[in-house]
1. If you take the Cα atoms of chain B, find Rg, then find the Kirkwood Rh from the mean of 1/r over all pairs, what is Rg/Rh?
2. Could you work out how far helix B:106-121 tilts from the main Cα principal axis of chain B, as a 0 to 90 degree angle to the nearest 10?
3. Let me check the size of the stretch A:130-204 from its C-alpha atoms; what are the radius of gyration and Dmax in Å?
4. Based on Cα positions only, what radius of gyration and what Dmax would you give for the stretch B:8-49, in angstroms?
5. On average, how much accessible surface per residue is there in the stretch A:106-240, in Å², for a 1.4 Å probe, leaving out ligands, DNA and RNA?
6. Reported to two decimal places, what Rg/Rh ratio describes the stretch A:109-168 when computed on Cα atoms with Rh from the Kirkwood expression?
7. Where the only charges are on Cβ atoms (+1 Lys, Arg; -1 Asp, Glu), what is the dipole of the stretch A:11-149 about its Cα centre, to the nearest 20 debye?
8. With the Cα gyration tensor of the stretch B:117-233 giving a ≥ b ≥ c as the square roots of its eigenvalues, does the rule (a/c under 1.5 for rounded; else a/b larger than b/c for prolate; else oblate) give rounded, prolate or oblate?
Amino acid sequence: MNILELKNVGLTYFSKNGETKALDDISFDVKNSEFVSIVGPSGCGKTTILSLISGLLSPTKGSILVEGQDAKISNKIGYMFQKDELFEWRTILKNIYLGLEVQGKLSEEAKLRVDKLLQKYGLWEFRNSHPSELSGGMRQRAALIRTLALQPKIMLLDEAFSALDYQTRLNVVDDVYKILREEKIASILVTHDLAEAISMSDKIVVLTKRPAIVKSIHQVNLLDIPTPFERRESVESKKLFNKIWEELQ
Amino acid sequence: MKNVIPQSKEYAKYLSKAKRTKIFIIIIQIGILLSLIGLWELLAVTGAIDTFIMSCPSRIVTTIATIAASGELWLHISTTLYEAIIGFVIATALGTLLAMLLWWNETLRRILDPFIVVLNSLPKIALGPIIIIWVGIGTASIVLMDVLIMVIITTLTMLAAFVNCDNGKILLLRSYNANKFQILTKLIIPNSICDFIGVLKVNVGLTWVGTIMGEYLNSRAGLGYLIVYGGQIFNLDLVMASTVILCLLAAVMYFAVAWIEKIIKKRYNN
Ligand SMILES: Nc1ncnc2c1ncn2[C@@H]1O[C@H](COP(=O)(O)OP(=O)(O)OP(=O)(O)O)[C@@H](O)[C@H]1O
Ligand SMILES: [Mg+2]
């Protein structure tokens, strides 16, 4: 079953300095609980695709359907940005409540769910701390729980790990991967790190340079290896790395 | 504030040293003040300065006591204090509200931009005669002068703070389908608290400028009135006494704002 479908999506930005055609013709779909990565040259329109899926932008042409419904009105999507965007004046718990507050969903039941997530993912002791008291990895996990609290069906991750140092990054990637798999959430990851994309994904969408079209789609068959960290070492992933690397040149 | 329990000898030492430095600074400050007052008095007593144009501490105290005895001291203090506080509250609230309005409506912001810039650079004292003709003499014109001095700069400062909010955080809220009002209350306002405290601190100084300026223009009571009156009859004791009271009031009000700052910061913990 496809949870997300992009059909011939195009987007042109208009500004005082002229128009920029960012996306020419993008089509791909994402299955239930599938993990998809988007890679492509810098400035080719990856962030634009995520903005479209999340409904922050409307496509100039084509259609985006989330469970058969127009993406603009769907609120089944969680978005994780490059920076954790935690509010310093709120405690971790209150930060996690933010989306629930905005959508008027802060019920006792939702609070219980958040408590469970906090315990499960090791932030329970820090629920009353302020963001500045947490490490980069913990902050990113808090941001993830903030998004999970809204029970999204699809998670969008835009360079979500690139603000972290390499060591932390490898650990956080494993953490986040495990969480998303456990919660059975379909995910779309945008990253400049090709190895990271391969290590986490079921499918990789390669884009051309701007205005982007889909250049190729690769299936990744590494499910028998449990963690992204271990997958990085496999021969299969290295082969795929070289293949996609060639395409991107 | 968290309770800090000394954990090691070194830490206890560090704390006691910090405390000693603090006490030392306070002692020196009081020392400077007392010696300045003492020196002034000494120069006056020995006749090195002319108390007719320089006044002196003891005469200032006597003057204050005389006004107090006549029962008018409180009238003057309360008049000025009232004008200063009302002006401060109105200008801060109005300026912040205006800034919110301009943040909300970008077109309005662009339309009003040149007008605000011109108004900001206009010396408000130049409006004195117009104010008096339009609203008449009395408290209203003094408060209006006071408000005019603060309101534009408050609007500009708060607007800059609102507009400078991190785009990523706005995007985050928009990804939750937040409406504009939610973005304002959940992000823009709490994010600008530090700037707001800055505005409070600036305004608590400016409000005295505005009030005294207003009282110079027209008044029947107040510390500004006493200063003008003292100057006209060449009674420097009265001028100095009023200035000293003004200093004390300004200090009290500053500490009140510092206290408000503490409460706000505690609430937002940063
Ligand atoms: N708001 C905007 N207005 C005008 N042009 C824009 C806007 N946002 C992006 N663009 C342009 O659209 C193109 C695609 O931008 P986008 O941010 O989607 O690229 P990206 O693939 O995410 O880049 P990067 O890899 O650097 O993050 C770029 O050329 C960019 O300059
Ligand atoms: Mg991008």
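The values are calculated or read from the model by the stated rules, or taken from the named source; none is laboratory data. What you see is a predicted model, and the numbers here were worked out from it, not measured in a lab. A quick note on method: Cβ atoms are made from the backbone with ideal geometry, for glycine too, and the neighbour counts reach across all protein chains shown. These accessible areas exclude ligands, DNA and RNA; they are computed on the full protein's heavy atoms, side chains included. Shrake-Rupley method; radii C 1.70, N 1.55, O 1.52, S 1.80 Å.
1. Details: Rg = 23.9 Å, Rh = 22.2 Å.
Checking Rg against Rh, the ratio lands at 1.08.
2. 20
3. Cα radius of gyration and Dmax of the stretch A:130-204 are 12.1, 37 Å respectively.
4. Looking at the stretch B:8-49, its Cα Rg and Dmax stand at 17.9, 58 Å.
5. 45
6. Values: Rg = 12.2 Å, Rh = 12.5 Å.
Reported Rg/Rh (Cα atoms, Kirkwood Rh): 0.97.
7. Details: 19 positive and 16 negative charges, 41 e Å.
Here the size comes out at about 200 debye.
8. Working: a/c = 3.61, a/b = 2.94, b/c = 1.23.
Since a/c reaches 1.5 and a/b is larger than b/c, the shape of the stretch B:117-233 is classed as prolate.
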